[in-house]
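Derivation of every value follows stated rules applied to the coordinates shown; laboratory data play no part. Just so we're clear, the structure is a prediction, and the values are computed from it rather than from any experiment. Glycine gets a Cβ as well: all are built from the backbone with ideal geometry, and neighbour counts include every protein chain shown.
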Amino acid sequence: MKHVRPWAAAVASAVYWGVGGFSFLVIAAVLRPILPAATARRIGLRLMQMAFQGFTKLLRVFRIAECEMVGFDRLARHWGGAIVAPNHPAIWDVVFIMAHVGGLTCILKTAILKNPLLAGGARLARFIPNDPPFEMVKRCVAELHQGAQLLLFPEGTRTRKNEGILNPFRGGVAIIAHQTRAPVFPVFITTNSDYGSKGWPAWKPPLETVRIRMVLGEPLVCGPEESSHAFLERLRAAYIAALSAPPDEVAPADP
């Protein structure tokens with residue numbers, strides 16, 4: 001029975017996203033031509049959050065993964081543009097964050113917009129592709145000036161084990177922060193499992209429950225005299241300090 005549960009969860013997940021992905025394609029095809037862009041986007045963001053919330057419930061029912069979210073009330077009370085910037089140990093990071101935090105505009109790999117399971121919802125919600133980089137930065141800056149909250153992974157991809165606790169950070173997050181002075185809220189993610197990490201087979205479920213902890217850290221703002229490179233180094237140092245500390249010593253943002 002120990003091995004039946006994760007494989008049953010894998011089948012249920014495939015059905016969930018298969019049906020959900022097709023539904024999003026239909027909804028997007030119907031709504032995008034007839035609704036104002038802002039209205040379609042609000043609907044898309046809400047539907048995406050509901051889809052991720054449903055999936056996290058499925059993971060809990062099958063005891064595949066449980067996630068503790070610490071300090072995120074501060075983000076819910078933040079007014080204006082902000083960058084939510086988690087480290088990226090596994091593929092499920094975005095699922096739990098977007099299920100918990102409403103209204104996030106996600107910067108995602110351009111290839112995902114060609115994935116039929118995700119393309120409909122991502123396009124309806126006006127998610128931002130990461131390629132070409134100049135266009136991505138331009139759109140992010142415009143979104144932040146309009147008060148949006150962006151979900152952006154500074155590592156750019158899932159953490160590679162040979163890089164240690166973090167990959168090198170991509171420069172995009174620092175360039176955007178430098179141009180907008182928007183606060184960057186680091187999210188420090190730790191887990192007891194390699195499930196969903198770089199190199200883990202997509203078809204292989206975990207045999208033990210995955211325990212995840214996400215802590216919202218103090219926001220960092222690029223100073224007026226600070227270069228984007230210096231800010232990027234300061235930002236990465238904050239992650240290394242937090243992820244190297246014992247879990248109970250990682251402090252969330254002040255309430």
- [ ] Could you work out the local net charge near residue 157, counting Lys and Arg as +1, Asp and Glu as -1, over the other residues with Cβ closer than 11 Å to its Cβ?
- [x] +3
TODO: Would you list, by chain and number, the aspartates and glutamates whose Cα falls below 14 Å from the Cα of residue 198, excluding same-chain residues fewer than 8 positions away?
DONE: 93, 155, 163
Task: Vicinal HN-Hα couplings computed from phi for region 111-124 (Karplus, 6.51 cos²θ - 1.76 cosθ + 1.60; Hz; Gly/Pro x) - done: 4, 5, 5, 9, 7, x, 6, 10, 4, x, x, 5, 6, 5
Open item on the list: Order these by the 10 Å Cβ neighbour count, fewest first: 55, 22, 185.
Closed with: 22, 55, 185
Task: Length-normalised contact order for the chain - Cα pairs under 8 Å, 6+ apart - percent - done: 25
Open item on the list: Bins of 10 Å, beginning at zero and ending with the bin holding the largest distance: percent of Cα pairs per bin for region 73-212, please.
Closed with: 11, 41, 37, 11, 1
- [ ] Find the percent of Cα-Cα distances in region 130-214 that exceed 17 Å, and round it to a whole number.
- [x] 58
Task: Span-like helix ranges in the chain, DSSP H, alpha carbon extent 30 angstrom or more, Kyte mean at least -1.0 - done: 4-31, 37-61
Task: Hits among lysines - C-alpha to C-alpha of residue 57 under 20 Å, sequence gap 8 or more where chains match - done: 2, 204
Open item on the list: Can you give me the C-alpha center-to-center distance between region 47-85 and region 179-193, rounded to a whole angstrom?
Closed with: 14
Open item on the list: For the chain, set up a GNM with springs between Cα atoms under 10 Å and report which of 17, 200, 79 has the largest fluctuation.
Closed with: 79
TODO: Per DSSP H run of at least 4 residues, take -39500 (n - 2.57); add these up for the chain, divide by its residues and hand me the 222 nm value, nearest 500 deg cm²/dmol.
DONE: -14000 deg cm²/dmol
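Please rank 94, 4, 30, 215, fewest neighbouring Cβ atoms within 10 Å first, as an exposure proxy. Write down the numbers at each step before the final one.
Working: 94 17, 4 8, 30 11, 215 22.
Ascending Cβ contact count within 10 Å gives the list 4, 30, 94, 215.
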Open item on the list: Which lysines, if any, have their Cα less than 25 Å from the Cα of residue 138, not counting same-chain residues under 8 positions apart?
Closed with: 109, 114
Task: Long-range tail of P(r) for the chain (Cα pairs > 31 Å, %) - done: 23
Task: Proxy reagent accessibility, fewest Cβ within 10 Å first, across 93, 73 - done: 73, 93
